[in-house]
Every structure is written in structure tokens, then in C-alpha cells.
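The structure under discussion appears below in the form of C-alpha cells.
The values are calculated or read from the model by the stated rules, or taken from the named source; none is laboratory data. These figures come from a predicted structure and were not determined experimentally. Every residue, glycine as well, gets a Cβ built from its backbone with ideal geometry; the counts of neighbours run over all protein chains shown.
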Amino acid sequence: MAGFNEILGHEEIKENLRKAIRNNRISHAYILSGERGMGKKTIARAFAMTLLCERSSTEPCMECHSCRQFLSDNHPDVIWVSHEKPATIGVDDIRTQINDTITIRPYESKYKIYLVDEAEKMTVQAQNALLKTIEEPPAYAILMLLTTNEELFLPTILSRCVKLKLKPLTDDTVIHYLTEKKGISEEDAHIDAAFARGNLGKAVELSGSEEFPAFRAEMLHLLSQMHSMDTAEMLDWISKLVKDCPDLSQVLDFLQLWYRDVLAFKVTRDLNTLIFRSEYGLISEFSQKSSYPGLEQVLEAIDKARVRLAANVTKELTLELMLLTMRET
Ligand SMILES: [Zn+2]
């Protein structure tokens, strides 16, 4: 667990929270929103730990009684709201864990901090129950809603919370973290970072995954064979991919990054701009075979495939149409 100083990126949010602490203007309700893996919990923990720290500062000391309790997940004034049904946070969860206990003063600290992870799962009734508490909270109470989708909150909830939205980190920040802290090779770190699009948690997950390198190898194999495959082979490959890959958006992400590399190489002839630089030979071959308009068409075909998947066109047909465009160009 970390204080603000150890959290990578998210400078605006960290400064916003630190400033609130410095000026003693802490809001009673916050919404932290961002994709899974971006660091909502890490930020919420750093904020809570700092607020509760006995050496009141803008960074937790990690040593006082409060910090030690927090670090061992045993702080009596920190409540992570749980829910029994995996897909919903119901009105009873909010009533029993927040509304019924919020009037009890904190045991040890100035604050009592409630955290709701996956808060978008709150039903409308649950949100309405919570609203009463947000409207007139006790002075010591702080509520943090962590969510991947704040659009599912009632406008009345949104208007009463300080909204903090996590932004993607730069690829360089992610690459640096993977190579320095995780010992990942430069080449792999570039690919993981490109796939994660600034989501550090996702990049770390990819860098430690056993499936991801296998997936990459399979995709590279396809690309190397693509221009010589006959239609039957192509259809075989499509059914295999649909079976192996529950999330086809990963396939589309891969192809998009690949063709961007091909296009970049065609324009610049510079290896250093490439994500897949160890596949230099194949990229160079693709860039010679394809014209600029052809590459534009392929990138459009990949976008179109995303739209088709979202519109529930069958996966097989979607891939077939896209691969045909890729082969023609
Ligand atoms: Zn402390």
C-alpha cells in the first residue's frame, strides 16, 4: 500500500485531495471514476490513510498506530461496503452498512470513512437510500464511491459529490514502470503498454499473463500466413480464434496496433517508432505490399468490425469481412 507520493500519474487528483487536506476543506462525498485497473482503490486508500494518520500531514506516515491499523486492514473507522449479490448493491446493503452506522461516532479518529467499490452496481433504491445520508452527513463522515461508470448514478447523487476522473498514464510512464519495477523486457513492455492504453493495472496483468504471449504468437502466425492462406484455411482459423478468444476486441486491438506500425514504418522507415519492433521483417514486408489507401482501408475495416461486434453481428462473419479486406490490400 502506498501514500500519494508512490502513486504514478494522476497528478491532478492527488493535488486536489492533498489541497483539500491542507486547507481542511474535505468534502463529505467523492466519486472516483475510471476503468478497472487504473488505480481507484490505491488513490482512495492513500486519501483515507492520510486523513486518519495521527501525524496529520498530506502524506501518511506509515508508522503511527492509525497507519499500522490501516495497513493491516484493521482500522475501525474505515468501512468497505460489501454486498452479497455479486451484480448488485441493494438497498439493504446501504442501510445496514452505511445509514445505520453513520451516526455512531468514529472510534479513534477525526473521520469515519465509507468506501463503496463498484458503486455503479447500486440499485436506484440503494442510491436513494444513500442520498439521504449524503444530504445531511455527520461532520466526521466521508463517503467515497469508486466506479467504472458514473453515468449510472442518479443526477442527485452526482450533484452532491466531488467528481474525480482518473486519466490514462502516458505509455512512457507505463513502460518505465514495467521495465524498472517488474523487470519486463523493453520490447514486451512496449507491447503491454500499447495494449493497456495507459491503464497500469491492465499493463501489469498483461505482463504477467501466460495467455498473452501465446495470443501474440498466434496473431503473428496468422499475419505471416495471411497472404498465402486459401479461403478454407482462413475459415478454419476464424473458428479457432472465436473458440480460443472470448474477447475479440483484443484481436482487433492487436490488428490495429499492427497496421499502425505498418503505416508508421511506411512513412518513417524508423524502427524506433514501432511497437512490434522485433517483427521488423514482417512489418517491412507488409509495408512494401500495401499502399497507403490500402492501409487506410484496413484500419477502417477494423473500426467497422468493432461496430459490427457491438451490434451483435456474428463473430465469424465480422472477422471474415475484416480478413477479406486485409488480404485484398
Ligand atoms: Zn500515520
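Remarks
- Applying a threshold of 6 Å to beta carbon distances and a minimum spacing of six or more residues, or different chains, the list of pairs starting in region 53-76 at a residue that is more than 20 Å from K14 (Cα to Cα) and ending at one that is assigned to a loop (DSSP other than H, G, I, E, B) and more than 9 Å from the ligand (Cβ to nearest atom) reads Q69/H75; P76/Y107.
- When the strands (runs of 3 or more DSSP E) confined to region 106-222 are screened for residues that are over 18 Å from G90 (Cα atoms), without any contact (Cβ under 8 Å) to a residue 12 or more places away in the chain and among the polar types (S, T, N, Q), none reaches at least 1 such residues.
- The set of residues in region 270-299 that are of a type outside the set (D, E), out of contact with any Leu (no Cβ under 9 Å at 6 or more places or on another chain) and farther than 19 Å from I191 by Cα comprises Q288, K289, S291, P293, G294, Q297.
- Looking across region 76-110 at every residue that is within 14 Å of the ligand (Cβ to nearest atom) and crowded, with 17+ Cβ neighbours inside 10 Å, the one that is nearest to the chain's Cα centre (by Cα) is identified as V78.
Results for (1) closer than 21 Å to I43 by Cα; (2) surrounded by 14 or more Cβ atoms within 10 Å (Cβ to Cβ); (3) acidic (D, E), shown as yes or no for each residue.
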| site | (1), (2), (3) |
| --- | --- |
| L152 | no, yes, no |
| R160 | yes, yes, no |
| D171 | yes, yes, yes |
| D188 | no, yes, yes |
| I191 | no, yes, no |
| F195 | no, yes, no |
| S207 | no, yes, no |
| E211 | no, no, yes |
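- Criterion: closer than 17 Å to L299 by Cα, in contact (Cβ under 8 Å) with a residue 60 or more places away in the chain and either outside any loop (DSSP other than H, G, I, E, B) or of a type in the set (A, V, I, L, M, F, W, C) (or both) - qualifying residue of M226, M234: M226
- Under the condition of being part of a loop (DSSP other than H, G, I, E, B), more than 16 Å from the ligand (Cβ to nearest atom) and of a type in the set (V, I, T), the residues counted in region 17-75 number 1.
- Test: R216 is touching a helix residue (DSSP H, G or I) at 6+ places or on another chain (Cβ under 9 Å), at pLDDT below 95, more than 20 Å from G39 (Cα to Cα) and of a type in the set (K, R): yes
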